[in-house]
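Structure first, commentary second.
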Amino acid sequence: MQKIFGRLQSRVLRSSTNGAAFIIRQESSSATPAPKFAATSKEFRARQVRFNIKNDHMQGRPLYLDAQATTPMDPRVLDAMMPFLTNLFGNPHSRTHAYGWETEQAVEKGREQIAQLIGADPKEIIFTSGATESNNIAVKGVARFYGTKKKHVITTQTEHKCVLDSCRALENEGYKVTYLPVQENGIVDLKQLEATITPETSLVSIMTVNNEIGVKQPVKEIGELCRARKVFFHTDAAQAVGKIPVDVNAMNIDLMSISGHKIYGPKGVGALYVRRRPRVRLEPIQSGGGQERGLRSGTVPAPLAVGIGAAAELARQEMDYDKKWVDFLSNRLLKRITSALPHVIRNGDPEQTYSGCLNLSFAYVEGESLLMALKDVALSSGSACTSASLEPSYVLRAIGTDEDLAHSSIRFGIGRFTTVEEVDYTADKCIKHVERLREMSPLWEMVQEGIDIKTIQWSQH
């Protein structure tokens, strides 16, 4: 957007000697539009009062609407963890005394709770430090184990960074990786996927729910296709497990990554589902004592395993209630914003989506400026893992979003503990600041005058 403003400043013709009006040449306009006269003093004052932000003082902490980055721990999860953070401190791998036995029992219960949530066998659940490690183990582990016969992996351009970087690491080792494009709605083309699978393909890795735009991929159909072609199917379900129904057997999923802190559990723990029948073989990326079926060595942190298990149990029990609540709040937020503001674009498919992740682009507004204005609401312009970058979201670029709209996107993350008051406050503040920022934008003024900015031929100095 800054580039556009710079272009606008540098390329607009200088004013004529007889008047102060600026002239911009257009492709399709035969007559120059009438000059817009300056607002009256009264109108100017009214605007000043309406858009004044000097008295916007934040008290307390911001509201939280960034549930795709992380979720607050459910107090019931903390209750389950507390005994293992204090008195029950044994190593779950100590087999010679009661301290080890009691923590091992608790860890196995957590494993069982995760398995019940996704329709798996407890023996198929591997504890990890999070979804990033789970993705690394799945992608690199399968590719390397079967690398002597098959050296081809398929993924999409909109995957999480840890999957894309794992694939790039495999490319450096001599593997061939296909990065499938997605359609404008963010969903992969199944025919294109089928055409890409070859006898050399060992793994297809496609996420269930996208972390930036909330789009749900046709996981069941992808699983059926991979099973028919005898290719292993891995899905990053960090944003899906506990929020939408997931059944690894019904969906023909061979490997699945899970994150604890995305389902109101503790940070620093995740899980990897690895199918036993038909058996999926992995080359471990970490050496050690051979814990977790030899696939992930290291002492399992009992308090965290208990926490993710309790969070999975709560998610299974309350999934229907949570979905209705999140759907209600998401629709309320979307309707409130779109009914008050024109030129608001929803990114991703409006139907095949998880409603708790709402990604909107506000045309003619810089997204970073809007985030700074909404300092009393915790929001994001994209993935938390890449939020330090000022580059436009690679996910939005992959679905064909224009660069200016990609820069103007905001992700609203709604969760279990979000309230109606928080949603209404966020919507009203968003409307106010979008109107204020557009009021300062010369591009918005041109659009109001009926000028199609895309048809402008900018004159050179």
| remark: Quick calc: nm separation of the 7 Å Cα→Cβ label points for S339 and T419 -> 2.2
| If contacts are Cα pairs under 8 angstrom and at least 6 residues apart, what is the relative contact order of region 75-315 in percent? | 28
| said: Given all pairs of different Cα atoms, what value in angstroms does the Kirkwood hydrodynamic radius of region 175-303 take? | reply: 16.1
| How big is the gap, in Å, between the Cα center of region 85-152 and the Cα center of region 199-278? | 16
| message | Report the Cα centroid-to-centroid distance between region 319-335 and region 423-449 in angstrom, as an integer. | response | 25
| query | Top to bottom by accessible area (1.4 Å), largest first, where do W325, W101 land? | reply | W101, W325
| message | Take the residue pairs K150/K191; K267/K335; K151/K262; K161/K191 and return only those whose Cα atoms are more than 28 Å apart. | response | K267/K335; K151/K262
| With a Cα-only, solvent-free Debye model of region 234-363, what are the log10 I(q)/I(0) values at q = 0.10, 0.16, 0.21 Å⁻¹? | -0.46, -0.94, -1.28
| Based on the Cβ-Cβ distance from E449 to D402, what FRET efficiency comes out when R0 is 25 Å, to the nearest 0.05? | 0.75
| request: Over the alpha-carbon set of region 198-237, work out the extent along each principal axis and list the three values in angstrom, largest first. | output: 33, 16, 13
| task | Enumerate the lysines that K149 could reach by cross-link, defined here as Cα to Cα under 17 Å, with residues fewer than 8 away along the same chain left out. | result | K140, K176, K230
| message | What is the percent carbon and sulfur in the accessible area of region 75-315, measuring with a 1.4 Å probe over the protein chains and ignoring ligands? | response | 51
| remark: Cα extents of region 75-315 along the principal axes, largest first, in whole Å, come to 56, 36, 28
| request: Ignoring everything but the protein chains, give the 1.4 Å probe accessible area of E318 in square angstrom, nearest 10. | output: 40
| So for region 123-282: antiparallel DSSP bridges make up what percent, rounded to the nearest 5? | 40
| task | Can you work out the accessible area per residue across region 174-240, with the rest of the protein chains kept in place, probe 1.4 Å, in square angstrom? | result | 38
| task | Heads up, I need the accessible area for Y425: 1.4 angstrom probe, whole protein in place, Å², nearest 10. | result | 90
| Reach of K454 by Cα under 26 Å, taken over lysines that are not fewer than 8 positions away in the same chain | K3, K36
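The values are calculated or read from the model by the stated rules, or taken from the named source; none is laboratory data. Please read these numbers as outputs of a predicted model, since none were measured by experiment. Note: ideal-geometry Cβ built from the backbone for every residue, glycine included; neighbour counts use all protein chains shown. The protein model used for the area step is the full one, side chains on, heavy atoms only, and it has no ligands, DNA or RNA in it. Shrake-Rupley method; radii C 1.70, N 1.55, O 1.52, S 1.80 Å.
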